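Since every read-out is calculated from the coordinates, none of them should be taken as a lab result. Keep in mind the model is a prediction, meaning the values are calculated, not measured. Here Cβ is always computed from backbone atoms with ideal geometry, including for glycine, and neighbour counts include all displayed protein chains.
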Amino acid sequence: MEPISYVKAINDYYQGLGYPPYQWTVNTSAPFTPLSKPLHKCRISMLTSGGISHHTREPFNPTAKNDLRLDEVDFQASPSDFEINDSYYDTRDARKDLNVIFPIERLRELARDGVIGSIAPRLWSGFMGRIYNRSKVLEESAPALGRELLRDGVDLLVLVPA
Amino acid sequence: MCHVSVGHVARIFEEAGLPTVIVMVRAFLPRVAAMKPPRVVVTRHIMGRPMGAPHDAERQRQVLHAALDLLVSARQNGSILELPEPYRAAT
């Protein structure tokens, strides 16, 4: 069986709906900040773009475009207390076990075992699919999240896109 | 385009002095690699299952460990680590 070319399939799909070709970003260099302390002293936060929401909140709109909503997730939350709404990927397995896309229990195990120092009180869910408004992300949403991470004393961030 | 958004976010935080690592499936690697995010761990998993199969705690832990190890070991920007293990359903 041939692997599915997702990027081409997505381009074809959206252009079929009348959208212009997406201008993919190409950068020539990457910024880099080395870790400033050993892992077992680091406080870690995590962000997923997989459309996960705690059952006490509105579900994400699975077909939204340019949805810049960003939810705080309690680091002690139970994985069974979430819904997943995203039409952009196959969510069936993530619905069976949140850790497939948002490894919250695995993080807690690493903290318990002393591999990492601690988990930040707030983890994050947002930046869901179909964000075409690049400048909004670059100039507003990401810096706003950065300030919250700073407030929580986060030393490193794990990002898990869906 | 959530991979792309996450790539932007990683770059912004890294520029601001916060180390980041992205964990993702291989399908989007070409586009994400072109964005040059600081560090990426790539799994040979099915789309929508970047960490592994449901209830495969062992694989999920292994992937998370690899991501954290890359944070410790990476000495240069644009570090991409591809994990060789194929996707497996939990037993």
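What to note about this one:
- Computed from point charges on the beta carbon alone (+1 for Lys and Arg, -1 for Asp and Glu), the dipole magnitude for the protein assembly as shown about its Cα centre is near 440 Debye.
- Cut-off of 10 Å, at most 16 other beta carbons, DSSP loop: longest stretch of chain B lacking such trypsin sites (Lys or Arg not before Pro): B:1-74
- 0 to 90° range, to nearest 10: angle between helix B:2-15 axis and chain B longest Cα axis: 50 degrees
- When the Gaussian network model of chain B links Cα atoms closer than 10 Å, the mean-square fluctuations of B:GLY52, B:GLY17, B:GLY78 top out at B:GLY17.
- Placing a label point 7 Å from the Cα of B:ARG44 along the Cα-to-Cβ line, the residues of the stretch B:68-90 whose backbone N sits under 12 Å from it are B:82-88.
- Selection from A:VAL73, A:LEU123, A:SER141 lying farthest towards where the dipole of the stretch A:36-160 points positive, charges on Cβ: A:SER141
- Most simply put, chain A has about 45% antiparallel DSSP beta bridges, counting only bridges with both residues inside it.
- Relative contact order, whole percent, for the stretch B:2-86 stands at 32, derived from Cα pairs under 8 Å and 6 or more residues apart.
- About the Cα centre, charge dipole magnitude for the stretch A:36-160 (Lys/Arg +1, Asp/Glu -1 at Cβ), debye: 300 debye
- For A:LYS37, a cut-off of 21 angstrom between C-alpha atoms picks up no lysines at all, skipping any fewer than 8 places away in its own chain.
- Highest GNM mean-square fluctuation among B:PRO30, B:PRO19, B:PRO38, for chain B modelled with Cα contacts below 10 Å: B:PRO30.
- Distance in nm between pseudo-label sites at A:HIS55 and B:ALA34 (7 Å out along the Cβ direction from Cα): 4.2 nm
- Rounded to the nearest 10 degrees, the angle from helix B:57-73 to the longest Cα principal axis of chain B is 20 degrees.
- Once the Cα atoms are used to define both axes, helix A:142-151 deviates from the longest principal axis of chain A by about 10 degrees.
- Basic side chains Lys and Arg get +1 at the Cβ, acidic Asp and Glu get -1 at the Cβ, and with that the dipole of chain B about its Cα centre reaches some 180 debye.
- Förster radius 22 Å - calculated FRET efficiency between A:LEU150 and A:ASN66, Cβ distance, rounded to 0.05: 0.30
- In chain A the Cα-Cα distances spread across 10 Å bins starting at 0 as 9, 33, 35, 19, 3, 0 percent of all pairs.
- When chain A is treated as a GNM with alpha-carbon contacts under 10 Å, the residue of A:ASP12, A:ASP93, A:ASP74 showing the greatest mean-square fluctuation is A:ASP12.
- Based on C-alpha pairs under 8 angstrom that are at least 6 apart in sequence, chain A has a relative contact order of 36 percent.
- Think of the stretch A:4-149 as a dipole: +1 on every Lys or Arg Cβ, -1 on every Asp or Glu Cβ, centred on the Cα centre; then among A:ASN99, A:TYR13, A:LEU47, A:LEU47 lies furthest on the positive end.
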